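The values are calculated or read from the model by the stated rules, or taken from the named source; none is laboratory data. Note that the structure is predicted; figures quoted are calculated from it, not measured. Please note: Cβ atoms are built from the backbone with ideal geometry, for glycine as well, and neighbour counts cover all protein chains shown.
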């Protein structure tokens, strides 16, 4: 394989919170992007004191400084794709959306992070409306899990049929693809991408592991890498799901709670 040069290497910007334990957020994103042989850049929205057992503290970055980080990146190294994770509050959402619109950002993958794997709330309740108004319309694809899709659609989701109904409802409100992750289903881990009025199912078997810290961050970052590489959205999702499955199945066991994945299993 020819080694990519700086001028040809694809660049990905992740806008998210920092995870002190390295399993989710900015750290998971950078590892995922690196594993895809792409160049990672970051705009940090919050510092979190957390580990595999939970979140013990959050220090939010002021919105104007979040915007300054994004401006510095776009003004120097224009990203081929943007992944958005934890945004925190309405002020941060407005700053991020304004900067991305100003710079005409492309290939935006939005993971609407609301609740951590440990159960800690990462998005202020009052910020959900701002997220839907400001950021979701900018995304090439949004990647909610079942609880997040329930909040966004105001529907109860217990089955594949419910997933399709929710995806169609969300697609009527937002222009990008809707990827509803089925990891919370009882018997399967099937994901549904609803894109351009066509449903694409991605079957998945539940992997018997409690080490799922950072799965959403990892999947959305991998999708961003696929889009940066020029893949169509269904192909980008398929590649990302394959990568995530491998990282989960590798069996990394760190910490005393919901441990992280092995992002570097394929290196």
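Structure above, values below:
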quantity: Test: residue 110 is surrounded by 15 or more Cβ atoms within 10 Å (Cβ to Cβ), farther than 30 Å from residue 256 by Cβ and at pLDDT below 95; calculated: no
quantity: Selected residue (only one of 22, 57 is assigned to a loop (DSSP other than H, G, I, E, B), over 23 Å from residue 140 (Cα atoms) and more than 15 Å from the chain's Cα centre (by Cα)); calculated: 22
quantity: Wholly within the range 118-219, strands (runs of 3 or more DSSP E) carrying at least 1 residues that are in contact (Cβ under 8 Å) with a residue 40 or more places away in the chain and touching a helix residue (DSSP H, G or I) at 6+ places or on another chain (Cβ under 6 Å); calculated: 177-180, 191-195
quantity: Hits in the range 95-109 - residues which are farther than 12 Å from residue 70 by Cα and in contact with a helix residue (DSSP H, G or I) (Cβ under 6 Å, 6 or more places away or on another chain); calculated: 107, 108, 109
quantity: The listed residue being closer than 20 Å to residue 40 by Cβ and free of Cβ contacts under 8 Å to residues at least 60 places away in the same chain, out of 248, 227, 244; calculated: 244
quantity: Matching option when the condition is crowded, with 19+ Cβ neighbours inside 10 Å and either within 27 Å of residue 17 (Cα to Cα) or more than 17 Å from the chain's Cα centre (by Cα) (or both), among 154, 191, 158; calculated: 191
quantity: Residues that are surrounded by 21 or more Cβ atoms within 10 Å (Cβ to Cβ) and either closer than 17 Å to residue 69 by Cα or under 13 Å from the mean Cα position of the chain (by Cα) (or both), drawn from the range 25-39; calculated: 25, 26, 27, 28, 29, 32, 33
quantity: Within the range 125-150, tally of residues that are crowded, with 18+ Cβ neighbours inside 10 Å and modelled with pLDDT under 90; calculated: 1
quantity: Subset of the range 65-88 [touching a helix residue (DSSP H, G or I) at 6+ places or on another chain (Cβ under 7 Å) and surrounded by fewer than 18 Cβ atoms within 10 Å (Cβ to Cβ)]; calculated: 71
quantity: Residue under evaluation residue 232, criteria (1) loosely packed, with under 14 Cβ neighbours inside 10 Å; (2) more than 20 Å from residue 140 (Cα to Cα), criterion not met; calculated: (2)
quantity: Filter result for residue 99 (over 16 Å from the mean Cα position of the chain (by Cα), at pLDDT below 95 and surrounded by 18 or more Cβ atoms within 10 Å (Cβ to Cβ)); calculated: no
quantity: Restricting the range 237-267 to residues that are in contact with a strand residue (DSSP E or B) (Cβ under 8 Å, 6 or more places away or on another chain) and not in a loop (DSSP other than H, G, I, E, B), the residue that is surrounded by the fewest Cβ atoms within 10 Å (Cβ to Cβ); calculated: 238
